[in-house]
1. Which condition number does residue 271 fail, the rest of (1) surrounded by 14 or more Cβ atoms within 10 Å (Cβ to Cβ); (2) over 26 Å from residue 354 (Cβ atoms); (3) modelled with pLDDT of 75 or more being met?
2. Out of the residues in the range 232-266 meeting the condition of being over 21 Å from residue 186 (Cα atoms) and not in a helix (DSSP H, G or I), tell me which one is modelled with the highest pLDDT.
3. Which of (1) surrounded by 15 or more Cβ atoms within 10 Å (Cβ to Cβ); (2) on the phi < 0 side of the Ramachandran plot; (3) modelled with pLDDT of 85 or more does residue 413 not meet, given it meets every other one?
4. Being within 26 Å of residue 461 (Cα to Cα) and modelled with pLDDT under 90 is the filter here, so list the residues in the range 391-410 that pass it.
5. Output the residue which, of all residues in the range 197-231 that are modelled with pLDDT of 85 or more and farther than 13 Å from residue 175 by Cβ, is nearest to the chain's Cα centre (by Cα).
6. Is there any pair linking a residue in the range 308-329 that is in contact (Cβ under 8 Å) with a residue 60 or more places away in the chain to one that is assigned to a helix (DSSP H, G or I) and surrounded by fewer than 15 Cβ atoms within 10 Å (Cβ to Cβ), with Cβ under 7 Å and at least six apart or on different chains, and which?
7. Criterion first (outside the structural domain of residue 481 (by TED's automatic domain parsing), farther than 24 Å from residue 170 by Cα and modelled with pLDDT under 85) does residue 44 satisfy it?
8. Could you list, in sequence order, all residues of the range 119-138 that are closer than 23 Å to residue 41 by Cβ and modelled with pLDDT of 85 or more?
């Protein structure tokens, strides 16, 4: 496809943004130094907080008949903090590829804290005179990974803001311009904090003709890739594998696969439909991609069960008076029941009734008939920002997602989970096309990535991608992370209507 006028206009803007990326290597060094220093302070704060809880709070859980001199522990802190920072460094926590890497980074912090504690325990066995309170040891282990993780979470917010302003971005190009390349580019361009600055596309095997509205300028063809990389100081190649011939792909790997300055990111070619994890395993010395099952079994299933019931039961007991007040307000505001049952699809497509507080008038359909333009909008997008059917109390409930609190009952019944993909109605399943059944391999959730990423403001395609990411990368840490992010997401009221 030849470059259109629109593409030519976009090119200088993208290249100007790319110039900012040249400053990124210089910015990474102070960030790494700041991260090392703040990690050390966070670890020191964790040790001091553990000492305060164990020896100074006078909790009945701990014996206080013998309180060691603070100087002993302060000297211990001075030795342990550098050791923990060194452990973090050996685990790669200050390498660019692992910094702000999400759950992988948090898992490495957890591993580092555990290794640090094991070293301390071994030291106690080696030297019988080296006696440390077990309460302090346990608290230091827990706080020793929570505090650094909190520190890195704050740094991540800072880096995201810098990326939104065009800094700390790696110049990247998409190789391959078929439908897969288009989806890759659109997703990365929409994800402003990805760390990649897409500056253009390289055509592979004439695939650009199939995608006339590609959102990036054409920089050349695969045979020109080496010159393009040098000209634009490209650091990342995002490869749409289905757009390339075998020879083109092997040529790219031979030229850039061993380079320390170029990262190759290869799409599986199935990212829009696969909701399972991919793992490379060798069979007869041949690397093959294994598709992992998404069923939660064994310890994972137990952990998710404990999280769901361990939080839901106390929450229901705590907020039951509040739920009663909401129900009374709904009945006083408009005629009809306080609860609304919505028929949705659960695990493996099994239908069930999801409970919600009623937020609409009982005769809502008749009200909507008087607004033909809004009715047409609803049929097209399945949502309305200004819905005349919503009651006064209902509008307030939706603003803070309070209408979804009765779904805690669905969690107790085993039909839903606290965290999971967005629930889908039998009528909606058609909108998800070939992705629908993949999203029914786990229980729907009250909250999830879709909830913390914009709720009703995101499209069906974006919901699918977010839900598939959740299914592929599920872990108990991800669930806890999303539960914590739900609170500010709800308070921000973004996409709440």
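The values are calculated or read from the model by the stated rules, or taken from the named source; none is laboratory data. Given the structure is predicted, the values throughout are model-derived calculations rather than measurements. Cβ: placed from backbone, ideal geometry, glycine included. Neighbour counts: every protein chain shown.
1. The failed condition is (3).
2. 233
3. Unmet for residue 413, out of (1) surrounded by 15 or more Cβ atoms within 10 Å (Cβ to Cβ); (2) on the phi < 0 side of the Ramachandran plot; (3) modelled with pLDDT of 85 or more: (1).
4. 398, 399, 400, 401
5. 197
6. If the second residue must be assigned to a helix (DSSP H, G or I) and surrounded by fewer than 15 Cβ atoms within 10 Å (Cβ to Cβ), the pairs left are 312/412.
7. no
8. Answer for the range 119-138, where residues must be closer than 23 Å to residue 41 by Cβ and modelled with pLDDT of 85 or more: 119, 120, 136, 137, 138.
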